[in-house]
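All remarks here apply to the structure that follows.
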Ligand code: HEC
């Protein structure tokens, strides 16, 4: 009985955490994301460094929030071809997102002496 109560409390606690943090991306595998980014042709428009290219905007560092990221890929607003669930699974999107999170942010502007003068 005590075990059941504990289980229910644990489930309630994790439901609350999930609600408090709806922006949190699902956990993804950055290494697989890197492979997919190349295999699915994302790099063709967004560049290997995901910093934007001739056709697509910069995706990293500091990618947009995961819900907007998913929307941009499933139902692009403009010229990007849509990637349906059949082409890229939700887990693969999470993997790509995890990969984009690995790009280091550039240094703060005021930490660069030449820009402080
Ligand atoms: C044919 C070129 C092309 C390919 C291939 C492509 N994109 Fe895009 N992407 C774009 C363009 C252009 C935009 C700008 C918005 C639009 O056209 O919908 C964009 C926008 C985005 C955005 C939204 C960025 C923002 O700041 O709003 C994300 C995220 C994104 N692409 C991810 C991807 C991923 C991940 C892949 C591979 C699965 C991919 N794209 C493949 C051209 C491309």
Extended-chain gain in nm, criterion 0.36 nm per residue less alpha-carbon gap, residue 77 and residue 109: 8.3 nm
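Rounded to two decimals, what is the ratio between the C-alpha radius of gyration of the range 21-116 and 2.2 N^0.38 Å?
On the way: Rg = 14.4 Å, N = 96, 2.2 N^0.38 = 12.5 Å.
In units of the 2.2 N^0.38 Å rule of thumb, it is 1.15.
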Residue 101-residue 39 FRET efficiency (beta carbon distance; Förster radius 25 Å; 0.05 resolution): 0.85
So for the range 30-100, averaging the separation of alpha carbon pairs under 8 Å that are six or more residues apart and normalising by length, what relative contact order in percent results? 42 percent
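How many percent of Cα pairs in the range 62-117 exceed 17 Å? Intermediate results must be reported in sequence, preceding the final value.
Working: 796 of 1540 pairs.
Of all Cα-Cα pairs in the range 62-117, 52 percent lie more than 17 Å apart.
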Packing-wise, with mean Cβ within 10 Å as the measure, how do 79-89, 94-104, 28-38 rank, highest first? 94-104, 28-38, 79-89
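Report the extension gain between residue 55 and residue 31 in nm, rounded to one decimal, defined as 0.36 nm multiplied by the number of residues separating them, less their alpha carbon distance.
Values: separation 24, 0.36 × 24 = 8.64 nm, distance 2.46 nm.
Value of the extension gain: 6.2 nm.
Of all alpha-carbon pairs in the range 33-85, indicate the percentage at a distance above 14 angstrom.
Values: 753 of 1378 pairs.
I get 55 percent for the Cα pairs in the range 33-85 exceeding 14 Å.
No value in this document is a laboratory result; all are computed from the given coordinates. Everything quoted here is computed from the prediction, not taken from an experiment. Neighbour counts run over all protein chains shown; Cβ positions are idealised from the backbone, glycine included.
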